[in-house]
């Protein structure tokens, strides 16, 4: 294949995720004819299509769309952590396992003459089928955090991903061990941070392209510049925030997902001064037993102290909670309700435990009989609404959270219906992907 004649499409199914923009940017800088697309509504005219799937449900939701693509198909993204899962559900040619940036140009060189098994064997971080068997090459090394600018689409300003136009990456890796999280198993436990100037240049590029609201991602945001657990480089993080904020203005900068044990007064002050004034803590459960089962690595006193410090800084505080975790008993759930009530946060995010490919939780769910999984057990109070026990707990915590808030919100019929629809949507999603995980 001639590089100049080769047409490549990088496709994301629902929004322009950062990984897809990054891969497209690398290919573009290397001289390839690259198109970045969102969704399957428009015809695809390409020799190779890179599909960036970030959710397990995409393997089913877009199965027929993928089948209709008449090109060589390569899958990447979080679903690649378990390539067998991809091949079982999608008609594709190659899966790029883990971090694709370091091997993408080597893969393109191997595909110069089409699908050649012998050449593919020489590229690290690949999985492909050969004579009906899945072949997987050695894992590639952790990639450098130096990179070209992402391919930024012309309509980036119209994106709305939980309130932001784009989530930019400042670092990779997390030394935590949360059993439900893909970050350590996908990116490793060593923290690798991008050069300060590279992040700033990228922010400028997104703003120039029309983006206004930017979220800083990378797992736990405060780990930027650090390489050891509890050894934060506070200056690196706060300096980065200050410089990004000078470009976006504070109201347009969000820092999601912060551990309660990875903060300090200086960090919280920086969040107050340089961001929209919100801090998002991963609290997950009010039960010490469940926190240990989750391998969360925090104590309830850590949660209380973090909330108190953030409140003293005048920050708005949101907390994420997970219900329906394997082994969660009624007393564990009640402990979560009690903690949520005690904290009186400004916002609450409630999720049903989802087994993501490659995580410890996924391995636990594979071994757990459905009759012992709260997602498949009948609800006690809301059985008439068609809920499972896990969905019922999610609904109860969601409803109670509107009473617990610093500014309580009355429960109306419309709000109840919206919450009921939300838990049913979550439950349906996880009930659908659980058999896929258990079938491996």
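Read the figures in this text as sums done on the coordinates, not as results from a lab. Fair warning: this is a prediction, and the values are worked out from it, not measured in the lab. Using ideal geometry, Cβ is built from the backbone for each residue, glycine included, and neighbour counts are taken over all protein chains shown.
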Check your understanding: If you average the sequence gap of Cα pairs under 8 Å that are 6 or more apart and divide by the length of the chain, what percent do you get for the contact order?
Key -> 11 percent
Point to revise | Peptides ranked, highest mean first, by Cβ atoms within 10 Å: ranges 184-192, 79-87 | key: 79-87, 184-192
Practice item. Taking 7 Å along the Cα-to-C-beta vector as the label spot, tell me the residue 235-residue 91 distance in nanometres, rounded to one decimal. Key: 5.9 nm
Review point. Which whole-number percentage describes the relative contact order of the stretch 115-228, with Cα contacts under 8 Å and a sequence gap of 6 or more?
Key: 28 percent
Revision key, fill the gap. The chain, Gaussian network, Cα under 10 Å: of 113, 338, 266, the residue fluctuating most is 113
Check your understanding: Pairing the Cα long axis of helix 330-343 with the longest principal axis of the chain, what angle in degrees results, from 0 to 90 and rounded to the nearest 10?
Key -> 80 degrees
Point to revise | Separation of alpha-carbon centers, the stretch 173-232 and the stretch 262-312, rounded to whole Å | key: 18 Å
Practice item. Considering Cα pairs under 8 angstrom that are at least six residues apart, work out the relative contact order of the stretch 55-94 and quote it in whole percent. Key: 55 percent
Check your understanding: By how many nm would the segment from residue 192 to residue 246 lengthen if fully extended, with 0.36 nm per residue of separation less the alpha-carbon distance?
Key -> 17.0 nm
Review point. To the nearest 10 degrees, how steep is helix 18-29 against the longest Cα principal axis of the chain, on a 0 to 90 scale?
Key: 20 degrees
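Subtract the Cα-Cα distance of residue 158 and residue 117 from 0.36 nm times their separation in residues, and report this length gain in nm to one decimal. Can you show the working numbers first?
Numbers: separation 41, 0.36 × 41 = 14.76 nm, distance 4.11 nm.
Extra length from residue 158 to residue 117 when fully extended: 10.6 nm.
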Exercise for review: Can you tell me the 0 to 90 degree angle between the C-alpha axis of helix 413-438 and the longest principal axis of the chain, rounded to 10?
Suggested key: 50 degrees
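I'd like the projected area of the stretch 289-440, averaged over all directions, using the convex hull of its alpha carbons. Report it in nm² with one decimal. List each step's numbers first, then the result.
Values: hull surface 37.8 nm².
Taking a quarter of the hull surface, the average projection is 9.5 nm².
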Review point. When the chain is modelled as a GNM with alpha-carbon springs shorter than 10 Å, which of 42, 88, 135 fluctuates the most?
Key: 42
Check your understanding: So for the chain, Kirkwood radius off the Cα pairs, Stokes-Einstein at 20 °C and 1.002 mPa s: how many µm² s⁻¹?
Key -> 93 µm²/s
Practice item. Consider just the alpha-carbon atoms of the stretch 7-136 and return their Rg together with their Dmax, both in angstrom. Key: 13.3, 35
Study note, to complete from the structure: Ranked by GNM mean-square fluctuation in the chain (Cα springs under 10 Å), the top entry among 384, 194, 393 is 384
